[in-house]
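Engineer: Below you'll find the structure I mean.
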Amino acid sequence: MRSWVDHERRAVLLRAWEPTLVPGLLQTEAYMRQVFAAVPSNRVRFEEVIATRQTRQRAVLDRDPPVELVALVEETALRRGPREVMKDQLAHLVDLGHRPNIRIRAVPESAGLHAGLGGPLALATMSDGRRVGYLDDLLRGRVATTAGDVLELELVWEAVNELALSADQTRDLMLRMIQ
């Protein structure tokens, strides 16, 4: 994932799609602990994995000038996890969504089958216009740099983006979930 992290840190625009989890850049520590604890290979280096994710979050979310971040997440992912952890995670997402450079949008369960169900993806646009993609799987992530691969990921992104609620509708949904 190291090469992706380098792209992520230099991007002026990041777009992320997550069908099953809250995107990593937006996770609270308690949420990431639940996620990482469920993966057997993380048991040996649990604290290291947590620290690495938090360092990545700070490098992207707290930089100046800020990156423009659009995160799409399947509604079911906003419901997956222990109640108290999810309550705090959703409140964190609502708070992040108030930043002018961060838009969080949910894809409702009613969207049914769609192009994004093939798995998570991310797209980074650099200041020179170059675009890079990232695909994650159970073993390792893969950076996509060829024009054809990036275009394919962008087409999936656009198909999912069209199904998503607005950022305001998503915030209202998350506030209802918190209640």
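The values are calculated or read from the model by the stated rules, or taken from the named source; none is laboratory data. In this text the structure is predicted, and so the values were computed from the model without any measurement. When we count neighbours, we look across all protein chains shown, and the Cβ atoms used for this are built from the backbone with ideal geometry, even at glycine. Surface areas here come from the heavy atoms of the whole protein model, side chains and all, with no ligands, DNA or RNA. Shrake-Rupley method; radii C 1.70, N 1.55, O 1.52, S 1.80 Å.
Engineer: Can you tally the net charge around L72? Count Lys and Arg as +1, Asp and Glu as -1, for every other residue whose Cβ sits under 12 Å from the Cβ of L72.
Structural biologist: Details: positive: R15, R103, R105; negative: E18, E74, E75, E158, E162.
Result for the local shell: -2.
Engineer: Now a separate question. Can you list which of the GluC sites (Glu not before Pro) found in segment 146-179 are DSSP loop residues with at most 12 other C-beta atoms within 10 Å? Please list the in-between numbers first.
Structural biologist: On the way: sites: E152, E154, E158, E162; in loops: E162.
Counting only loop positions with at most 12 other Cβ atoms within 10 Å, the GluC sites (Glu not before Pro) in segment 146-179 are E162.
Engineer: Given the DSSP H assignment, sum -39500 (n - 2.57) over each helix run of at least 4 residues in the chain and divide by its residue total; what's the result at 222 nm in deg cm²/dmol, nearest 500? Could you put the intermediate results ahead of the total?
Structural biologist: Working: 6 runs with 76 residues, N = 179.
Per the formula, -13500 deg cm²/dmol.
Engineer: Projected onto the charge dipole of segment 1-154 (+1 at Lys/Arg Cβ, -1 at Asp/Glu Cβ, origin at the Cα centre), which of V143, Q54, H98 gives the Cα projection farthest towards the positive end?
Structural biologist: Q54
Engineer: Please sort 117-127, 57-67 by packing, taking for each peptide the average over its residues of neighbouring beta carbons within 10 angstrom, highest first.
Structural biologist: Numbers: 117-127: 18.0, 57-67: 12.8.
Ranking, from highest mean packing down: 117-127, 57-67.
Engineer: Could you work out how far apart the two model spin labels at S3 and N101 are, taking each label as a point 7 Å from the Cα in the direction of the beta carbon, and quote it in nm?
Structural biologist: If labels sit at S3 and N101, their model points lie 2.6 nm apart.
Engineer: Using Cα-Cα distances under 8 Å and only pairs 6 or more residues apart, what relative contact order does the chain have, in percent?
Structural biologist: Working: 274 pairs, mean separation 52.4, N = 179.
It comes to 29 percent, rounded to a whole number.
Engineer: GNM on the chain, C-alpha springs below 10 Å: top fluctuator among A30, A16, A144?
Structural biologist: Maximum among the listed residues: A30.
Engineer: Note down the relative contact order for segment 83-179 as a percent, whole number, built from C-alpha pairs under 8 angstrom at least six residues apart. Mind dumping the intermediate values first?
Structural biologist: Values: 98 pairs, mean separation 37.0, N = 97.
Over segment 83-179, the number comes to 38 percent.
Engineer: Please turn the phi angles of segment 51-66 into ³J(HN,Hα) values with the Karplus equation 6.51 cos²θ - 1.76 cosθ + 1.60 (θ = phi - 60°), one per residue in order, whole Hz, x for glycine and proline.
Structural biologist: 4, 5, 5, 5, 5, 4, 4, 4, 4, 8, 7, 10, 7, 10, x, x
Engineer: What's the magnitude of the charge dipole for the chain around its Cα centre, counting Lys and Arg as +1 and Asp and Glu as -1 at the beta-carbon? Answer in Debye, nearest 20. Show your work: numbers first, answer last.
Structural biologist: On the way: 24 positive and 25 negative charges, 99 e Å.
Result for the chain is approximately 480 debye, rounded to the nearest 20.
Engineer: Could you give the radius of gyration (one decimal) and Dmax (whole number) of the Cα atoms in segment 1-42, in Å?
Structural biologist: Rg then Dmax for segment 1-42, in Å: 12.2, 34.
Engineer: Would you mind working out the accessible area per residue for the chain, using a 1.4 Å probe, and quoting it in Å²? Can you show the working numbers first?
Structural biologist: On the way: 9600 Å² over 179 residues.
Normalised by residue count, the accessible surface of the chain is 54 Å².
Engineer: Per the 1.4 Å probe, what fraction of the accessible area of segment 1-53, in percent, lies on carbon and sulfur atoms? Provide the component values of the computation, followed by the final result.
Structural biologist: Details: 1550 of 2740 Å².
Within segment 1-53, the accessible surface is 57 percent carbon and sulfur.
Engineer: For segment 124-179, run through the trypsin sites (Lys or Arg not before Pro) and keep only the ones in DSSP coil with at most 11 other Cβ atoms within 10 Å of their Cβ. Before the final figure, lay out the partial values.
Structural biologist: On the way: sites: R130, R131, R140, R142, R171, R176; in loops: R130, R140.
Sites meeting the loop and neighbour criteria: R140.
Engineer: OK, next. Using 0.36 nm times the number of residues separating D88 and I178, minus their current alpha carbon distance, what extension gain do you get?
Structural biologist: Difference between extended and current length: 31.6 nm.
Engineer: Also: To the nearest µm²/s, what D does Stokes-Einstein give for the chain at 25 °C and 0.890 mPa s, using the Kirkwood radius over alpha carbon pairs as Rh?
Structural biologist: 148 µm²/s
Engineer: Quick one: dipole size for segment 117-178, taken about the Cα centre, charges +1 on Lys/Arg Cβ and -1 on Asp/Glu Cβ, in debye to the nearest 20.
Structural biologist: Numbers: 6 positive and 10 negative charges, 45 e Å.
So the dipole magnitude of segment 117-178 works out to roughly 220 debye.
Engineer: In the Gaussian network model of the chain, springs joining C-alpha atoms below 10 Å, which of E47, E18, E74 carries the largest mean-square fluctuation?
Structural biologist: E47
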